[in-house]
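Below you'll find the structure, written out as structure tokens, and then a few comments.
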Amino acid sequence: MSSFLIVSILFLSALLSGIAVFFVKRDNTQLLKLVLSFSGAYLFAITVLHLIPEVYHSNQTPGEIIGLYILGGFLFQLILEHFSQGIEHGHIHHNKDGHHHQAFPIAILVSLCLHAFLEGFPLASGHRNELVFGIAIHHIPAAFALGSLLIGTRLKKQTIVLFIAVFAAMTPLGFLTSKGISAGEIGNVAQYFDKIMAVVIGIFLHISTTILFESGSADHHTFNKKKMLAVLLGVLVSMANFLFEGHDHSHHHHGPSDQTEETHDHEHHDHDHHDHEH
């Protein structure tokens, strides 16, 4: 998938979902909950099947350190959520206190943009096709919830669309930044890429599990058939990607360890050959 297509999918999915708030009734959240359940399951499965194994196989950083960065990402998202009020999970906040005008949610917008920016990072690591759609689907309810919140501030329609566009541009910007880092174009940050990825994995684990716990009925212990089907569908779609891609990787993908061993063998062979000449 080309970079232009990735940027287009990520930007348009969030922008159109945010703008849809002007045309769709905000009270009907049943479909949004099902979309959330699907995206949460898909994001969780992709993280477990692709991102975690990849970051542990990078061999740049010891596994225990990677684990600490994943935990750090999880806790970082916990703090971010305090400011964003769970909008990245598709929470639509209704004005309950009777006021017609709400203050502009600057903390929510900043934390959402930071969150969306970081979500673009794993897209440069190789598993683009699976993740692009996972993140795009996850942004549909998030952008819709952000649009709902901005409408409550009584801002002009053009200003609301502008802020939604800024949010929509953050993940493509994160992807392009990450691409620059992994290609070594942006400073010396490439050596920390696996640590950045580990932080993003922690964020993904927090978001996906929170979505799965919260997107059901009010009583989380009640069995919800529709939610269960949406979750299973999300896992199956990610499994389908995993099976097809996994087969290709087994033939074509050589990790850093393979290259290191190969280089080591060549050096050893050259060394023996040199000794033999003497």
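Fewest neighbouring Cβ atoms within 10 Å first, the residues H115, H206, H138 line up as H206, H115, H138. Count charges around T61 for me, please; just the other residues with Cβ under 15 Å from its Cβ, Lys/Arg as +1, Asp/Glu as -1. Computed value for this residue: -2.
Taking the highest mean first, how do the peptides 161-172, 65-76 order by number of other beta carbon atoms within 10 angstrom per residue?
Averaged packing, sorted descending, gives the order 161-172, 65-76.
Each of L32, L10, L51, L232 has some number of other Cβ atoms within 10 Å of its Cβ, and from fewest to most they run L232, L32, L51, L10.
Taking 0.36 nm per residue of separation and subtracting the Cα-Cα distance, what length does fully extending L31 through F213 add?
Length gained, L31 through F213: 63.9 nm.
Computed over neighbours whose Cβ is under 14 Å from that of D194, the net charge equals -1, Lys and Arg +1, Asp and Glu -1.
Could you work out the local net charge near F163, counting Lys and Arg as +1, Asp and Glu as -1, over the other residues with Cβ closer than 14 Å to its Cβ? Result for the local shell: +3.
Any read-out appearing in this document is the output of simple, stated calculations on the displayed coordinates, not a laboratory observation. Because the structure is predicted, anything quoted here is derived from the model rather than measured. Please note: Cβ atoms are built from the backbone with ideal geometry, for glycine as well, and neighbour counts cover all protein chains shown.
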